[in-house]
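Rule-based calculations on the coordinates, nothing more; no lab input. These figures come from a predicted structure and were not determined experimentally. Neighbour counts run over all protein chains shown; Cβ positions are idealised from the backbone, glycine included.
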Amino acid sequence: MKKLFQALWVALLFLFLMPQPLEAQRHRRRHQQRFKAGLILGGNLSQVDGDRYSGFDKANLQFGVSGAAVLSDHAELAVEFLYAGRGSRTESDKNNALGEKDRRIDLRYMEVPILFRYRKKPEEPSSFFELGFSFGRIIRSQVTEPSLPADGFIFRELETDFNKNELTLLGSYGLQASRHLKFKFRFGFAMTQFYDNPAPKEERPPGSIFLGNAEERISFLRNYYMALMAHYQF
């Protein structure tokens with residue numbers, strides 16, 4: 001994965017430094033650009049599949065920079081470099097009437113989304129959609145929970161086995177409000193798991209009172225998120 005990140009950086013650098021043909025210069029005279037750079041700022045709501053809880057209850061910040069190669073009046077190939085939070089915020093006691101969300105799985109990623117962007121109209125305003133995938137890597141993780149959770153799950157014991165690398169499928173829909181400003185809603189579904197239980201699963205009869213430990217009960221953990229983003233292109 002490290003070599004893949006290096007290859008992506010080199011490819012992006014080559015894309016922006018390669019000589020531009022005369023046709024691109026003519027387009028630029030007509031106030032069109034072959035390449036675009038931009039800034040991205042937004043937030044997301046995330047959850048973790050496999051933790052036996054539901055709900056997009058963890059709010060996270062995400063921001064970064066972007067670059068795009070213009071393929072036609074309607075299509076672009078885009079690359080982003082983002083800092084983004086993921087994880088979940090849940091209660092460790094489902095029987096608690098207050099529903100106190102006292103467990104947090106906090107994951108911080110550096111990720112590189114690669115996207116195909118299609119705009120409905122060449123002029124603004126116009127709707128658009130994006131489809132692609134991203135390569136992400138955990139740069140920091142932290143699990144916060146009670147020392148003796150009421151549900152018997154102890155996620156902090158799993159943290160040392162978290163997979164640092166992640167491949168995510170992305171889909172976005174948005175509005176190009178002006179030449180420079182667009183807004184978009186994005187959904188991300190991780191195709192890889194950031195935790196996969198290496199221990200064999202033990203069969204237990206229905207209604208068993210033997211809870212076991214978290215290593216035996218948690219099979220996998222996977223990220224999902226929904227994001228709202230503002231994107232400014234120069």
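For each of ILE40, ILE138, count neighbouring Cβ atoms within 10 Å of the residue's Cβ, then give the residues from fewest to most.
Fewest to most other Cβ atoms nearby, the residues stand as ILE138, ILE40.
What GluC sites (Glu not before Pro) in the stretch 113-192 are in a loop by DSSP, with at most 14 other Cβ atoms within 10 Å of the Cβ?
Passing both the DSSP loop test and the Cβ count: GLU123.
Classify the stretch 89-167 as rounded, prolate or oblate from the Cα gyration tensor: take a ≥ b ≥ c as the square roots of its eigenvalues, call it rounded if a/c is under 1.5, otherwise prolate when a/b beats b/c and oblate if not.
Oblate, since a/c reaches 1.5 and b/c is not below a/b.
Tell me the net charge near LYS94. Cut-off is 13 Å between Cβ atoms, LYS94 excluded, with +1 for each Lys or Arg and -1 for each Asp or Glu.
In short, -3.
Could you tell me which of rounded, prolate or oblate describes the stretch 36-233, using a ≥ b ≥ c as the square roots of the eigenvalues of the alpha-carbon gyration tensor, with rounded for a/c under 1.5 and, failing that, prolate when a/b is larger than b/c and oblate otherwise?
In terms of gyration-tensor shape, prolate.
In this model, which of LYS120/LYS184; LYS164/LYS184; LYS58/LYS120; LYS101/LYS164; LYS36/LYS120 are farther than 22 Å apart at the alpha-carbon?
LYS164/LYS184; LYS58/LYS120; LYS101/LYS164, as the Cα separations exceed 22 Å there.
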